[in-house]
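The structure appears right after this line, and notes come after that.
The values are calculated or read from the model by the stated rules, or taken from the named source; none is laboratory data. These numbers come from a predicted model, not from an experiment. Every residue, glycine among them, receives a Cβ derived from its backbone with ideal geometry; neighbour counts consider all protein chains shown. When the accessible area is computed, the model is the full protein with side chains, heavy atoms only, and any ligands, DNA or RNA have been set aside. Shrake-Rupley method; radii C 1.70, N 1.55, O 1.52, S 1.80 Å.
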Amino acid sequence: MRARRQSDSVSPILEQILYGGSSVSMNLITITREIPEENRLFRARGLNKAILFKYPNFDEDADDYANPIADEDEDGDAASRPVETGIYIPHSVEHTEAGGLAIYLRARNSNLLLAEQFGIGEANSEAAAADLRTLTLIDSVPSLDAFLLKACFEGEKVPVDKRHWAISDTEDQQLRRLIRARIEPIVRKAIDGGGNGAQSIERFLEAIWNPELEEAGLFVSAFGIDRSEADQIFSAWKGTTFYEYQLRRIAPRARVILNWLKSRECIPVDIRMHKPYETQLLMHIEKVGKLLETTLMDIRQILADYEASFSAFMAGQPEPFRDYLRKIRSHYWLLGYCVSALTSVSHLDARCMKNNPQRKLYFEATHKLLRQFEVALDRRREQKGAF
């Protein structure tokens, strides 16, 4: 019974960090256990005994269910990158659910806290500078998906032991082929129009993974976009395509969960024993259902915009695709949040419904699952310095 009480006392946000899935959480305690110290991600030992996590930080002035995409020219850093990175330092690496401290990388006092906790708040040594750069690169990606992190570090030519990435070489190459196949028609259409040959087209496709190539700048400048933005645009383009394919895997379960929330099957089997709380529970179910529907609608809108601009470009009308590229960074970050939230909800649902094909729960289990879903889908998550 003691272990049960400890589990029940875990805060919803900590539950999300610990059990929300690999898109939102990277448990370095587990990952680095089999990796020699000299090959670990960070030089500071304490960082390799922490859990990195992503959390949303959308505009607080927006409505609960508003589309948070802002114009690229008008948004600040918080608006253009509405998903932030945190570091959870548990009091005990053996009992991570027992609580600990959290540091948020974009908080005003983050350098001070990093210095106090790990000795890396200022880049006053080669090791500290390397760790700060690693944290900055991780914070430049909307989620902690291994494929995107691996591509980010490789693009910046920062070597990382591949055991840190929970992805095989086969899966990595397969995803690269899928992304190439999605992007190639646009590159081929644009380059063929200039009378370039197959070798030139191949160079432009190579620029997808190496934005330092001259062809990357040439491609974006053809759309009236400054060459200096090539890196961000290509990264966002790759990421958007990755999330599109990831969505295909989780969409079926997301639909199952949404249909369940709208059905009588969602009502706890022992609801009669909790009649005083029935109305409150029904309101909670409705709220979570709206959050999930909004997330799915945002994804559909982003992908519909992409398809429309793609079709227009292939039909000889480049203006819609040019406009899409100019806003692709905001789309990328919102899509990354939405897909990560769905992945987390799917992961939590699978964990709860294991060996329960009827999807019937008791009141306490229903309440806990709804609470976990709400945190996963919440776009204004509260920052906490301690859990």
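Restricting the first member to segment 137-160 and to residues that are β-branched (Val, Ile, Thr), and the second to residues that are open to solvent by 10 Å² or more (accessible area, probe 1.4 Å), the beta-carbon pairs closer than 6 Å and six or more apart or on different chains are 141/148; 141/152. Being touching a helix residue (DSSP H, G or I) at 6+ places or on another chain (Cβ under 8 Å) and open to solvent by 10 Å² or more (accessible area, probe 1.4 Å) holds for only one residue in 364, 293, and it is 293. Residue-level check: of (1) in contact with a strand residue (DSSP E or B) (Cβ under 8 Å, 6 or more places away or on another chain); (2) modelled with pLDDT of 85 or more; (3) open to solvent by 40 Å² or more (accessible area, probe 1.4 Å); (4) part of a helix (DSSP H, G or I), residue 78 misses just (2).
Only residues that are assigned to a strand (DSSP E or B) and touching a His at 6+ places or on another chain (Cβ under 7 Å) were counted across segment 81-118, and they come to 1. Out of curiosity, is residue 321 over 29 Å from residue 23 (Cα atoms), assigned to a helix (DSSP H, G or I), in contact (Cβ under 8 Å) with a residue 12 or more places away in the chain and of a type outside the set (Asp, Glu)? Considered against the rule, which asks whether it is over 29 Å from residue 23 (Cα atoms), assigned to a helix (DSSP H, G or I), in contact (Cβ under 8 Å) with a residue 12 or more places away in the chain and of a type outside the set (Asp, Glu), residue 321 comes out as no. Considering the conditions (1) within 26 Å of residue 344 (Cα to Cα); (2) open to solvent by 80 Å² or more (accessible area, probe 1.4 Å), residue 260 is excluded by exactly one of them, (2).
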